[in-house]
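The structure appears right after this line, and notes come after that.
The values are calculated or read from the model by the stated rules, or taken from the named source; none is laboratory data. All of these numbers come straight from a predicted model, not from anything done at the bench. Glycine also receives a Cβ, built like all others from the backbone with ideal geometry; neighbour counts cover every protein chain displayed. For the accessible areas, the whole protein counts, side chains as well, though only heavy atoms, and no ligand, DNA or RNA atoms are used. Shrake-Rupley method; radii C 1.70, N 1.55, O 1.52, S 1.80 Å.
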Amino acid sequence: MSTERIYASRYWQSLRQRELTHDEAADEWREFEEGVDPAAAPPRDPGFVATTGLTRRKFFATAGAASALATSACVRKPVENILPFSERPEDLIPGKPMGYATAVQYGTTVEGLVVESQDGRPTKIEGNPKHPNSNGATSVWAQATVLDLYDPERTRVPLTSTDAELVPEGETHGIAEWGKTRDTLKKLFDRIAKSGGDGLGLVTRWIASPTQRAKIAELRARFPKARVFVDDALVPWNSIAAAETLAGKGARAYHVLDKTAVVFAADSDFLHTEPDSVRLQREWSKTRKIVGSTDFMSRLYVVEPALSNTGIMADHRRRVKGSAVGDVVIALLNALAADATNFVPPTGLDLSGLPKPKLAPAVQQFVDALASDLLASENKGRSAILVGERQPAWVHLLGFVIDAGLGNLKAGAMVEAERDPKSIGADRPTPGSGSLRLRFDSRVVEAETLADLSKALGGGEIKHLVCLETNPAYSGAGDLDLAKKLEAIGIADPKASKTTLVHVGLWRDETARLAHWHLPVSHFLEAWGDVEAFDGTLSIQQPLIEPLHDTYSVTELLGFFASGKMIDGYSLLKGFWTGEAAAQFSDRNWRQWLHDGMVTGVPRDPGAPAPNAWQQALGSIERKPIEGIELDLHVDPRVLDGRFVHNAWLQELPHPVSKVTWDNAAYVAPSTAAELGVVDGDLVTIGVEGRSITAAIWQVPGTADGVVSLAIGYGQTATPTATGAGVDVNPVRSSKYGWFAQASVAKAGDTYPIACTQDYGSMKPPSYVGFDFDERPIVLEKTRDEFKADPNFVEKVNLMERSRLQHLWDPPKLTGKQQWGMSIDLNTCVGCNACVIACQAENNIPTVGKEQVLRAREMHWMRIDRYFKGADPDDPTSVVVQPMLCQQCEAAPCETVCPVAATTHSPEGLNDMVYNRCIGTRYCSNNCPYKVRRFNYLAYNTKGRPQPFWNEDIDGAWLLQMQKNPDVTVRFRGVMEKCTYCVQRIQEKKIEAHVAGRDLVEDGKIQTACQQVCPSEAIVFGDIRDPDSKVSKAKRSPRDYQVLRDLNTHPRTTYLARIKNPNPALAKLEADAEAAKATKGA
Amino acid sequence: VPAIFPRWTNNVPIAIGLLAPLAGAGLIFAIWYWFSPWYTDVGYRPEQPVPYSHALHAGDLGLDCRYCHNTVERAAMAAIPPSSTCMNCHDLVKTESKRLDLVRESDKTGMPVPWVRVHQLPDYAFFNHSAHLAAGVGCASCHGRVDQMVIVEMEKPMSMAWCLDCHRDPKPNLRPLDQITNMGWNPEATPYDPDRDPHRRRKVNPPTHCSGCHR
């Protein structure tokens, strides 16, 4: 009997696991939930499937009906029609997917994409390898957008409240005709035009489209008094403000990281939620891919209030309140300024007047070490200071000062590059000339904020408002009271006799419900458009499919408002570029741009910003330290600012750090939770400035003391998917403060079920009495110095000698000419989840809903395990993420237990799963040590959701069907499934090679979905029999290890151990502090 | 004690003993025979919306299969031809024929002709035409003498056992790569050894493992 805690000093996945004793662990450990406990069901049903409420009578009725149906199906298989084209388009081969280039925009981020079209249906999104912001990879959000296109909950027809005859009983809106709607709106706009646009307002997202910008200019010419407001939480407003202060209107600053040696992220999650994270991840990971122990490797310092993906990757991390991050930056500047030889402030800048904030000793040590690292001669001009978007503009300005002082801002070189006409468009200045870049965005739309909108609405200055893909009734801060004000000009007078509110959007959201007209809009995969990235790269968006529903694109509607004429998007776009490119425009160029997805060779806005207002940077310092509890709002790493809240894939995606699905929660450090007297799932009331919300507590190690971290974007009510997921934090937001506020937190008395996956699929079965072992080799990490001292460290963690590992029976014969294998680099995997969604899109993986996730029935073939290490649960010394998918064992435990041989081995080393043989015993999953098999408890793929009244089909299943990959079987209830190494992609390339008369597929031809999407290129796949393949080379690294090698399963997926690169001086101080904590804790 | 059951019931166990194996054998035979795709699928001959005769076009007129099914060498699907392919000839030939009304209408309106699928595999089986053609499997090997069919019917069962028979021993069904669409090619008349064919660039090695066809 052992009551010793099993995980305390080792890696642990959750706080609960950390506290387990050996005995408890042995008692509790089971993979499948036993029985169906109705009490475990949440109070509401957020997802697809309702399993509760099945009575005995209902069961027999259903069973009877099912058997009757089964007999009636005992006829010949149904007649299937083949419907060929009447005239087949050139180059189209039925059944062969084609790729088209386009681009997606969210906030200021633009990613170039290549979308796979299966017989005209876009099914899978990949990155455009030619686009500098995606480099062939995509973010998790770009991956998921394809589901939005087919969302059955999208609005499909215009709705209006103005015609009482159309409105069904009990509703506020009825279905309108487009023709009539257009005429009415045209008349309205003609009338407004007569008064010069008096009282007209437009609420838009960040407009990055040159064509749309031109249309807004046109609109302003027609309505000179019209006002434009921007509602977009993903725009780096503070960075923009700082750049504009420094270098004039239109200046934009961004970082390039591929030549950096030291990176300091001050509350910046540049590896995930900050703008352009795909490019930054790619660039940063290039500096972390080491093979030998002496290779170059960059170092990452992070201060942040709550653990982010960037914090996970940090070599040194400090927990600091969001409001105190500015102090750390000031302290850093002070420390740097002390060395006048190596730190050269920009001309004329006097740093003597800086405040001297007092930091905690551990943070001061961190700052000193960072300063000495930045000043080291080998790091000169090779560092980057990334300040997070949540920090006020003055912190960004100080960041620029530090970058400039360290020689990272190479203004001269950059100006030259910017003047070069080639630098606009695809051809970004070659990196290496400094990490901080400035450019001009001279055609930016002059816009006001939602606070201005609230003021204007209150003062009666806005009478006619058009909300373009925005939802101000939801996203407006609590003190603006926008919902009420919008209702006053909207639905309060359903006839729209004096005021008008028009909403344009994909979903009937909060604002749409208040509007007189709700106009459905085309998805970006249905529309022509163009976008300009933050660094100036221009992309053309081309539609993959005709609008599925009766919709117009935003560009078309803007054109309609601006000119009164509805012109199709293609003509608008081509018309704009004919004028813009002038002499460079030709049909040949145009086709090239469409093909490449990028506009090249068109000189636009030459001229470079001259940063000169340095002294203002110091003058604007405005410290606002928060005592007591700090409410720390952040952009959610799954649904961002709420724009993806209707997307079931992203809703069900586990949060990268907390592993919570379908909800946001108030993340606090364990010690803060103890102080507040709350545990996981307890509801608390969070009050700010007299307004309050109620949220559930979830303890997350690594959160700063006294910080309550909550994601924005949740708590929407527009669609069944969004409804009930999380809590809306906007009521406690205020236009007066930014992302951090002084808050009061009190226990509300109730609890709330949170579906968290952190304890699911644990690979740590308990050690039974008498057989205890050290840490099993699951995640491995070492510091660089330890790696240098012992390059073979991965071999030493195995519990048994290789020679002692014996097989019970002969493993399958591997006779294939190519043997597939995978290598995953834990050094560069940041846990952004892009692979999880890519896998879901490629392999027809369904979502299951919160209730099923609570029962551990989520279907993701790939999960990202996250491990903490350290004696202090508040401040783990290390956090590691590990993608876990089928390891394709050569001696697979699952195969030996299947009674029907539904999982067998292929001669090429794949662990095949045959759905049509599977009878659902789940023995395989039980016997899988990696816990990567998934069972279809219900028919998740065919269940639809109840639909709003305007949707013709009841379940929308035909729409979701269109997203399915035709090369992969759609699984039914009662079937086990798992990662196949994307066998459909392997077979496709193999057949291609065979048809061409080759036996072998060239290395790199086959890319698994997770590999292709990975922004940091952490996943490599290929033929391990070919010694020259990329995967073989990766596996020859001394860091290569097999997870749980002592089980002798011979997994084909192996991992490269993580190597941290701490500052030796600081690491020593940290180790001492940790040792002190461990003694205190023991 | 009076007898509860009449005397003849003594024979019941013997009768059951004799009949049960027979009934069992009968059941096995019934399933083996009537449930097999040889019985359920072979001979499936649905009526098509347009009475197109392969016997006339492929047989008498001698059109190559690939004139219409032109993606067969490049893709998984052999692609039913678009109406415009029909109209290449029927613009000039049989321009008034009532039987071609649907094709002409399709060509004019752009709506497809609703052909009925004859060879239907389950959704979890993935077949690729191009791989089989590249290996030298003739059209007739799986589809039979389509050139003699007025209405196309299924001639082979397309069952998994039937597929595997060939995948385990493909040689008897391979032919010279230039004879693939030759419906009348007779392996007995012209003995052929694929291993000695200089035109073949690789040895045929068909998959027999699950993910070869099930994905």
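In the set A:ARG857, A:ARG866, only one residue is open to solvent by 10 Å² or more (accessible area, probe 1.4 Å) and either among the basic types (Lys, Arg) or at pLDDT 95 or above (or both); that residue is A:ARG857. For the stretch B:123-143, the count of residues that are surrounded by 18 or more Cβ atoms within 10 Å (Cβ to Cβ), in a loop (DSSP other than H, G, I, E, B), touching a residue at least 60 places away in the same chain (Cβ under 8 Å) and within 14 Å of another protein chain (Cβ to nearest Cβ) is nonzero.
Conditions tested, residue by residue: (1) of a type in the set (A, V, I, L, M, F, W, C); (2) open to solvent by less than 30 Å² (accessible area, probe 1.4 Å).
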residue: A:THR155; (1), (2): no, yes
residue: A:THR160; (1), (2): no, yes
residue: A:ASP163; (1), (2): no, no
residue: A:HIS173; (1), (2): no, yes
residue: A:GLU177; (1), (2): no, no
residue: A:ASP183; (1), (2): no, no
residue: A:LEU188; (1), (2): yes, yes
residue: A:ILE192; (1), (2): yes, yes
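Put simply, of A:ALA496, A:ALA492, A:ALA451 the only residue that is in a loop (DSSP other than H, G, I, E, B) and surrounded by fewer than 18 Cβ atoms within 10 Å (Cβ to Cβ) is A:ALA492. So in the stretch A:784-810, with the set limited to residues that are assigned to a loop (DSSP other than H, G, I, E, B), closer than 13 Å to A:ASP1040 by Cα and at pLDDT 85 or above, which one is least open to solvent (accessible area, probe 1.4 Å)? Step by step, filter the stretch A:784-810, then rank; the result is A:PRO791.
This table checks each residue for (1) more than 21 Å from A:PRO811 (Cα to Cα); (2) of a type outside the set (A, V, I, L, M, F, W, C); (3) in contact (Cβ under 8 Å) with a residue 40 or more places away in the chain.
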residue: A:GLU1002; (1), (2), (3): yes, yes, no
residue: A:CYS1014; (1), (2), (3): yes, no, yes
residue: A:LYS1035; (1), (2), (3): yes, yes, yes
residue: A:LEU1044; (1), (2), (3): no, no, yes
residue: A:LEU1056; (1), (2), (3): yes, no, yes
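For the stretch B:112-121, the candidate set comprises residues that are at the interface with chain A (Cβ under 7 Å from one of its Cβ atoms) and surrounded by fewer than 18 Cβ atoms within 10 Å (Cβ to Cβ); within that set, the residue that is nearest to B:SER159 (Cα to Cα) is B:GLN120. Taking the listed residues A:ILE845, A:ILE824, the one that is open to solvent by less than 10 Å² (accessible area, probe 1.4 Å) and in contact with a strand residue (DSSP E or B) (Cβ under 6 Å, 6 or more places away or on another chain) is A:ILE824, with no other qualifying.
The helices (runs of 4 or more DSSP H) found wholly in the stretch A:272-356 and carrying at least 1 residues that are surrounded by fewer than 21 Cβ atoms within 10 Å (Cβ to Cβ) occupy A:277-286, A:325-337. Here B:THR109 meets the list (1) more than 16 Å from B:GLN48 (Cα to Cα); (2) surrounded by 11 or more Cβ atoms within 10 Å (Cβ to Cβ); (3) within 11 Å of chain A (Cβ to nearest Cβ) almost entirely, failing just condition (2). Note on the stretch B:180-198: residues that are touching a residue at least 40 places away in the same chain (Cβ under 8 Å) and open to solvent by 50 Å² or more (accessible area, probe 1.4 Å) amount to 1. For the stretch A:827-842, filtering for residues that are part of a loop (DSSP other than H, G, I, E, B) and open to solvent by 10 Å² or more (accessible area, probe 1.4 Å) leaves 2. Within the stretch A:102-119, is there a residue that is farther than 29 Å from A:GLY642 by Cα, away from chain B (no Cβ under 11 Å) and either in contact (Cβ under 8 Å) with a residue 60 or more places away in the chain or open to solvent by 30 Å² or more (accessible area, probe 1.4 Å) (or both)? Checking the stretch A:102-119: at least one residue is farther than 29 Å from A:GLY642 by Cα, away from chain B (no Cβ under 11 Å) and either in contact (Cβ under 8 Å) with a residue 60 or more places away in the chain or open to solvent by 30 Å² or more (accessible area, probe 1.4 Å) (or both). Annotation: of all residues in the stretch B:61-101 being part of a helix (DSSP H, G or I), surrounded by fewer than 18 Cβ atoms within 10 Å (Cβ to Cβ) and more than 22 Å from the chain's Cα centre (by Cα), the one that is nearest to the other protein chains (Cβ to nearest Cβ) is B:SER84. Screening A:THR260 on (1) within 25 Å of A:SER539 (Cβ to Cβ); (2) part of a loop (DSSP other than H, G, I, E, B) shows it passes everything except condition (1).
Out of all the residues in the stretch B:199-214, is one or more more than 14 Å from every other protein chain (Cβ to nearest Cβ), in contact (Cβ under 8 Å) with a residue 40 or more places away in the chain and under 17 Å from the mean Cα position of the chain (by Cα)?
No, that holds for no residue.
Filtering the stretch A:891-922 to residues that are more than 11 Å from chain B (Cβ to nearest Cβ) and surrounded by fewer than 19 Cβ atoms within 10 Å (Cβ to Cβ) leaves A:PRO893, A:THR896, A:VAL897, A:PRO899, A:VAL900, A:ILE919, A:GLY920, A:THR921, A:ARG922.
Taking the conditions exactly as written (aliphatic (A, V, I, L, M), in contact with a helix residue (DSSP H, G or I) (Cβ under 7 Å, 6 or more places away or on another chain), within 23 Å of A:GLN758 (Cβ to Cβ) and in contact (Cβ under 8 Å) with a residue 40 or more places away in the chain), does A:LEU826 satisfy them or not?
No.
Residues of the stretch A:210-230 being touching a helix residue (DSSP H, G or I) at 6+ places or on another chain (Cβ under 8 Å), under 20 Å from A:GLY564 (Cα atoms) and not in a helix (DSSP H, G or I), which ones? Result: A:PHE223, A:ALA226, A:ARG227, A:VAL228. Search the stretch A:454-489 for residues being on the phi < 0 side of the Ramachandran plot and assigned to a loop (DSSP other than H, G, I, E, B), and hand back the single one that is surrounded by the fewest Cβ atoms within 10 Å (Cβ to Cβ). So the residue we want is A:GLY459. The single residue among A:VAL707, A:VAL688 that is closer than 15 Å to A:TRP739 by Cα and buried (at least 24 other Cβ atoms within 10 Å of the Cβ) turns out to be A:VAL707. Tallying residues that are more than 27 Å from the chain's Cα centre (by Cα) and assigned to a loop (DSSP other than H, G, I, E, B) within the stretch A:234-257 yields 3. One residue stands out in the stretch B:1-42 among those that are open to solvent by less than 40 Å² (accessible area, probe 1.4 Å) and assigned to a loop (DSSP other than H, G, I, E, B): the one that is farthest from B:SER106 (Cα to Cα), namely B:SER36. Scanning the stretch B:175-196 for residues that are assigned to a loop (DSSP other than H, G, I, E, B) and either touching a Cys at 6+ places or on another chain (Cβ under 6 Å) or over 15 Å from B:ASP64 (Cβ atoms) (or both) turns up B:ARG175, B:PRO176, B:THR181, B:ASN186, B:PRO187, B:GLU188, B:ALA189, B:THR190, B:PRO191, B:TYR192, B:ASP193.
Answer yes if at least one residue in the stretch B:183-196 is within 13 Å of chain A (Cβ to nearest Cβ) and of a type outside the set (Asp, Glu), and no otherwise.
no
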